[in-house]
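Here's the structure, in structure tokens; my notes come after.
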Amino acid sequence: GQGLSLRRDLLPAPYLAELEALHAHVPPFESALAVAAIESAFGQPVDQLFAEFEPVPFAAASVAQVHRAQLPDGRTVAVKVRRPGIVAQVHADLRLLRRFVRVCQWLLPGLRRYQPLDLIEELGQFLHQEIDMVQEARNMRRLASTLDPLPYLTLPHVVEPWVAPAVIVQEFSHGAALATQNGTPRGRELAGLLLDAYVHQLMGAGVFHADPHPGNLFELPDGRLCFHDFGSIGYLDPAARTAFAQLIEGLVVDDASAVLDAV
């Protein structure tokens with residue numbers, strides 16, 4: 001749904017408007033469930049973990065919702081809590097998707113050439129990583145070493161050691177969604193910064209944020225771009241980076257043979 005919300009070439013505006021709600025405006029789950037998850041994850045009552053905890057989340061998306069809190073040392077943090085039951089939901093959805101695709105392959109044998117069941121397995125691997133907050137913390141640490149040196153980029157860092165499979169505590173950072181600048185001169189500047197950020201990640205570092213939908217990108221008050229939601233990152237080894245560069249070069253000079261060789 002999040003991916004389709006970006007496809008203005010495929011869907012009419014009313015559908016896009018509904019799907020865009022999946023970026024950061026999914027209905028939240030009950031605060032009591034979030035508190036129970038936090039206390040279960042860290043073995044302490046919320047009022048001992050935090051000097052202040054806001055039970056009403058300030059953001060809710062498809063995988064988790066986020067609560068503002070204050071640590072005993074005065075730092076403001078974001079507490080990201082996984083949706084209850086989402087692990088079972090992912091298993092059920094993938095099982096149904098496999099059944100659906102098998103029926104489609106039986107009705108339309110030509111689909112087999114696209115290896116849809118293999119695609120579902122790959123999707124399943126990504127989904128299981130995305131709903132594991134321990135994995136997300138690893139991703140945040142890995143990307144921090146890539147993004148921190150760039151003056152125009154930032155990301156919230158993990159607040160150690162508060163990480164568990166269903167909960168992660170991170171630095172609080174919030175700004176204006178990039179989409180609010182669409183069609184403005186600043187929007188064009190931000191697009192350039194975002195492109196520079198991905199050139200650096202893809203070609204230089206070989207590790208990149210793999211879920212850059214509008215709900216995960218903000219402009220901070222100081223003008224820096226801030227990435228959020230690190231459930232999915234990708235890697236390119238040196239050989240893949242070279243091939244990717246050759247692919248882009250082939251596209252620019254309209255050399256179909258070079259593009260095929262690069263792929």
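The values are calculated or read from the model by the stated rules, or taken from the named source; none is laboratory data. In this text, all values refer to a predicted model and were calculated from it rather than measured experimentally. We place every Cβ from the backbone using ideal geometry, glycine too, and count neighbours over all the protein chains shown. Just so you know, the surface numbers come from the protein's heavy atoms only, side chains and all, with ligands and any DNA or RNA stripped out. Shrake-Rupley method; radii C 1.70, N 1.55, O 1.52, S 1.80 Å.
Evaluating Arg188 against the criteria (1) surrounded by 14 or more Cβ atoms within 10 Å (Cβ to Cβ); (2) free of Cβ contacts under 8 Å to residues at least 60 places away in the same chain; (3) among the basic types (Lys, Arg) leaves one unmet condition, (1).
Checked against the criterion of being under 15 Å from Leu147 (Cβ atoms), open to solvent by 40 Å² or more (accessible area, probe 1.4 Å) and in contact (Cβ under 8 Å) with a residue 24 or more places away in the chain, the candidates His209, His228, His200 yield just one match: His200. Considered as a group, the residues in the stretch 16-45 that are outside any loop (DSSP other than H, G, I, E, B) and among the small types (Gly, Ala, Ser) include one that is least open to solvent (accessible area, probe 1.4 Å), and that residue is Ala34. Here the condition is being touching a helix residue (DSSP H, G or I) at 6+ places or on another chain (Cβ under 9 Å) and over 22 Å from Ile131 (Cα atoms); of Pro72, Pro28, it holds for Pro72 alone. One residue stands out in the stretch 65-89 among those that are without any contact (Cβ under 8 Å) to a residue 24 or more places away in the chain and in a strand (DSSP E or B): the one that is nearest to Glu18 (Cα to Cα), namely Val66. A Cβ distance below 8 Å, combined with a sequence gap of six or more or placement on separate chains, defines the contacts here; from the stretch 2-14, residues that are in contact (Cβ under 8 Å) with a residue 60 or more places away in the chain reach residues that are part of a helix (DSSP H, G or I) in the pairs Gln2/Leu19; Gln2/Gly215; Ser5/Leu16; Ser5/Leu19; Ser5/Glu20; Leu6/Pro214.
Counting only residues that are under 30 Å from Phe126 (Cβ atoms), of a type outside the set (Gly, Ala, Ser) and buried (at least 18 other Cβ atoms within 10 Å of the Cβ), the stretch 46-85 holds 12 of them. For the stretch 46-56, a tally of residues being touching a helix residue (DSSP H, G or I) at 6+ places or on another chain (Cβ under 7 Å) and outside any helix (DSSP H, G or I) returns 3. For Ser173, state whether it is among the polar types (S, T, N, Q), assigned to a loop (DSSP other than H, G, I, E, B) and either over 17 Å from the mean Cα position of the chain (by Cα) or surrounded by fewer than 19 Cβ atoms within 10 Å (Cβ to Cβ) (or both). In short, yes.
Among the residues making up the stretch 201-233, a single one is modelled with pLDDT under 90 and at positive phi: Asp229.
Taking the criterion of being modelled with pLDDT of 90 or more and either among the charged types (D, E, K, R) or more than 23 Å from the chain's Cα centre (by Cα) (or both), the residues of the stretch 117-149 that qualify are Leu117, Asp118, Glu121, Glu122, Asp132, Glu136, Arg138, Arg141, Arg142, Asp148.
Scanning the stretch 133-148 for residues that are touching a helix residue (DSSP H, G or I) at 6+ places or on another chain (Cβ under 9 Å) and open to solvent by 40 Å² or more (accessible area, probe 1.4 Å), which turns out farthest from Leu33 (Cα to Cα)? Across the stretch 133-148, the extreme among qualifying residues is Ser145.
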